[in-house]
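In what follows, a structure is listed as structure tokens, so that the remarks can point back to it.
The values are calculated or read from the model by the stated rules, or taken from the named source; none is laboratory data. A quick note: this is a predicted structure, and the numbers were derived from the prediction, not measured. Reconstructed Cβ throughout: ideal geometry from the backbone, glycine too, with neighbour counts over all protein chains shown.
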Amino acid sequence: MTWISIFNGKSGFAASSTAEKVTKGIDGSGLTAIVTGATSGIGLETARVLALRGVQVVMPVRNLESGKKVKETIAGKIPNAKLHVMELDVSSLQSVRKFASEYCSKGLPLNILILNAGIMTPPFTLSKDNIELQFATNHVGNFLLTNLLLDTMKKTARESGKEGRIVILSSEVHRITYKGGIMFDKLNDEKSYNALYAYGQSKLANALHAYELTRRLQEEGVNITANSLHPGVIKTNLARYGGFFSVFVSTVQSFLKNIPQGAATTCYVALHPQVKGVSGQYFADNNLSKASGYARDPELAKKLCKKEF
């Protein structure tokens, strides 16, 4: 029994489509992708399916030992897989800068950047940089990583003649946030902290990042797109911190998406020819969807992306 739709949208795919199905017949040879959070869940499935389609996949991981085991697992099933493991803690600005510097020094190209790593509804915690942990991990680290790798993406797009794609995992929970969308003046205030609203705020920031990044890239005339997406409610370890929302997810997730279905929209936006030239949009269930009004607010997007940490 399943509650997810089996009816195809305009793309020809449905919520029930898997990552392998939406990329069937696509040749990713000659492309290089970074997939954060690739040691488990939909990040792991995304990395596997991209490798299956011939993409060279770089997996930034917090734990190198875990990353190496994942690499061995994928390589065992896909002998020709081109995989690299590098160290990255996206919640740490120092770690992000170190990773980006090392990546650029290797001279690797970069066609696809998939910002998948994230956390959901932990107790109030500050990151090493004294930023509320969900905002630090889900937005700030990803924002900095994108900025530091953007020149490499521009160079790759220019020299290869192939469109670059930035894929940012948001969530439908971006609709559940604080008044005004982003609580700029109290981001790190424990007294104002609500775990679910803070998660929604960070996911709204993901959608706004793609929206504003699109404006900047189009102004420059760069052949790179940026989109955000909702992968669906999936049985992963994202809800490990507990709380009402996590209990709700744990209760209903057996009726919703499995991991191959959960990774599908990411792989669709990253690889499918239908998405060529599409930017600043929000996807769900392998089809275009409509984000909240806050997520399409140009002034809010500019304010967010100008904020320094």
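Working only within region 150-201, note down all residues that are of a type in the set (Ser, Thr, Tyr) and either within 25 Å of Gly262 (Cβ to Cβ) or in contact (Cβ under 8 Å) with a residue 60 or more places away in the chain (or both). Answer for region 150-201, where residues must be of a type in the set (Ser, Thr, Tyr) and either within 25 Å of Gly262 (Cβ to Cβ) or in contact (Cβ under 8 Å) with a residue 60 or more places away in the chain (or both): Thr156, Ser160, Ser170, Ser171, Thr177, Tyr193, Tyr197, Tyr199. Against the conditions (1) surrounded by 14 or more Cβ atoms within 10 Å (Cβ to Cβ); (2) closer than 30 Å to Pro122 by Cα, Asn8 satisfies every one except (2).
Only residues that are at pLDDT 95 or above and part of a helix (DSSP H, G or I) were counted in region 248-289, giving 15. The single condition among (1) surrounded by fewer than 16 Cβ atoms within 10 Å (Cβ to Cβ); (2) touching a helix residue (DSSP H, G or I) at 6+ places or on another chain (Cβ under 8 Å) that Ala33 does not satisfy is (1). Checked across region 92-107, the condition of being of a type outside the set (Phe, Trp, Tyr), at pLDDT 95 or above, part of a loop (DSSP other than H, G, I, E, B) and surrounded by 18 or more Cβ atoms within 10 Å (Cβ to Cβ) holds for at least one residue. Just so you know, in region 177-209 the residues that are of a type in the set (Asp, Glu) and part of a helix (DSSP H, G or I) include one that is surrounded by the fewest Cβ atoms within 10 Å (Cβ to Cβ), and it is Asp185. From the list Arg158, Arg165, the lone residue that is closer than 24 Å to Gly54 by Cβ, among the basic types (Lys, Arg) and surrounded by 20 or more Cβ atoms within 10 Å (Cβ to Cβ) is Arg165. Among the residues of region 148-176, those identified as among the basic types (Lys, Arg) and not in a strand (DSSP E or B) are Lys154, Lys155, Arg158, Lys162, Arg175. Residue selection: Leu110 fails the criterion of being under 15 Å from the mean Cα position of the chain (by Cα) and buried (at least 20 other Cβ atoms within 10 Å of the Cβ).
One line per residue, one yes/no per condition, for (1) of a type outside the set (Val, Ile, Thr); (2) crowded, with 24+ Cβ neighbours inside 10 Å; (3) part of a helix (DSSP H, G or I):
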{"site": "Ala14", "(1), (2), (3)": "yes, no, no"}
{"site": "Ser17", "(1), (2), (3)": "yes, yes, no"}
{"site": "Leu44", "(1), (2), (3)": "yes, no, yes"}
{"site": "Arg48", "(1), (2), (3)": "yes, yes, yes"}
{"site": "Met59", "(1), (2), (3)": "yes, yes, no"}
{"site": "Gly67", "(1), (2), (3)": "yes, no, yes"}
{"site": "Val70", "(1), (2), (3)": "no, no, yes"}
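Quick check on my filter: what residues within region 132-152 are within 21 Å of Leu196 (Cβ to Cβ) and either among the polar types (S, T, N, Q) or more than 20 Å from the chain's Cα centre (by Cα) (or both)? Within region 132-152, Gln134, Thr137, Asn138, Asn142 meet the criteria.
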